[in-house]
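The next block holds one structure in the form of C-alpha cells; read it before the comments.
Each reported figure results from applying straightforward, stated rules to the coordinates on display, with no laboratory input. The structure displayed is predicted, hence computed values, not measured ones. All Cβ positions, even for glycine, are placed from backbone atoms using ideal geometry, and neighbour counts span all protein chains on display.
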Amino acid sequence: MTVERAFARSFDALPAIVAFTSEAFAREGVDPALRPDVDFALEELFTNMVKYSPSGDASVTIDVTGIAGGVEVRMTDTGVEPFDVTQAPDADVTLPIEARRPGGLGLHLIRRLLDSIDYEYRQDLRQSRITFRKTEGGPGTLPGATETGGR
C-alpha cells in the first residue's frame, strides 16, 4: 500500500513533510532507522523544487511505499521545467573549501545515502517525478543520525 500527501510549494511545508514520513513509516511498517536519510533526501529535493521552480503553483505530491527491507519514495512536481537530478554534476569534495563553487553538495550526499534515485519528465504535463529507494542493507547513513531525525 502507498501513503500519499500533497504539500504546498513552500519552505514552510518542511515540518509537515517530516511529520508525514513519520506517519507513513509507521503505517507501512518501515524500519524507523531509515527515516533520517529519507527525511534528509526529501528535504534536499523538496527545497530544490521550491527554490528552482518558484513559478510552479501546483502542490508537490509525495508517495511513500514500504518495500522489502525498506521504502520507496516518489515526489511529483507539476507545472515545472525539467531538471534531472541524476544528471547534475557531483560536487568536487576534494577541493579546499575556499575553492569550491556553492551548490550541489546536497545532491552529492543523497546520491551516496540512497540505494537508487530515478528521474522522469513528462513534457505534456510539465511534470517532474523523482523516485528513490532506501533499504536496510543499502549505502551508508548520515553520521549521527537518529530515529528522531537528528543529523
In whole Hz, what ³J(HN,Hα) sequence does the stretch 39-46 give by Karplus (6.51, -1.76, 1.60; θ = phi - 60°), x for Gly and Pro? 4, 4, 4, 4, 4, 5, 5, 5
Listed peptides 42-51, 65-74, 78-87 by packing density, highest first (mean Cβ within 10 Å): 42-51, 65-74, 78-87
Lys and Arg at +1, Asp and Glu at -1: add these up for the other residues within a Cβ distance under 15 Å of Val50 and post the number. -4
Summed side-chain charge close to Thr135 - residues other than Thr135 whose Cβ falls under 10 Å, Lys, Arg +1, Asp, Glu -1: -2
Net charge near Leu114 (other residues with Cβ under 9 Å of its Cβ; Lys, Arg +1; Asp, Glu -1) is +2
